[in-house]
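Enquirer: Here it is, the structure, as structure tokens.
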Amino acid sequence: VQLQASGGGSVQAGGSLRLSCKASGLNFRLFNMDWYRQAPGKEREQVALITSDGTTNYLDAVKGRFTISRDNVWRTLSLQMNDLKAEDTGVYSCHVTAYGREFFGRGTQVTVSR
């Protein structure tokens, strides 16, 4: 299983970014997928989840600002991030638990300046 995230960058507070994660090596449509982030000096936390049937769940701090989605044809997971805040800064990684193991993709840096 391989997960390749892209789309990070640097923006000012209030700006937007869209992250993408391309998955390979698994039957993508069967698995719940999620995004995690890790801020400097903090533990990694789950930001958003989308189940195999499209149900979504979000960290309270990002509700109403972030939207997770998936494209099962292209095996791609996305995270649309709007109204970004400085506290959203961190390394964002896509994640899946599949075949009895956890897989994290190589993260992408998101930096939000005040």
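We did not get these values from a lab; they are worked out from the coordinates using the rules stated. Not measured: the values here are computed from a predicted model. Cβ: placed from backbone, ideal geometry, glycine included. Neighbour counts: every protein chain shown.
Enquirer: Return the distance in nm (one decimal) between the two label points of a simple spin-label model at SER10 and GLU87, each offset 7 Å from Cα along Cα→Cβ.
Expert: Once both label points are built, they end up 2.3 nm from each other.
Enquirer: Counting other Cβ atoms within 10 Å, which chymotrypsin sites (Phe, Trp or Tyr not before Pro) in segment 10-114 have at most 12 and lie in a DSSP loop?
Expert: Listed in order of number, the matching sites are TRP74, TYR99.
Enquirer: Work out, step by step, the length gained on full extension between ARG65 and ARG44: first 0.36 nm times the residue separation, then minus their alpha carbon distance; give nm to one decimal.
Expert: That works out to 5.6 nm of additional length.
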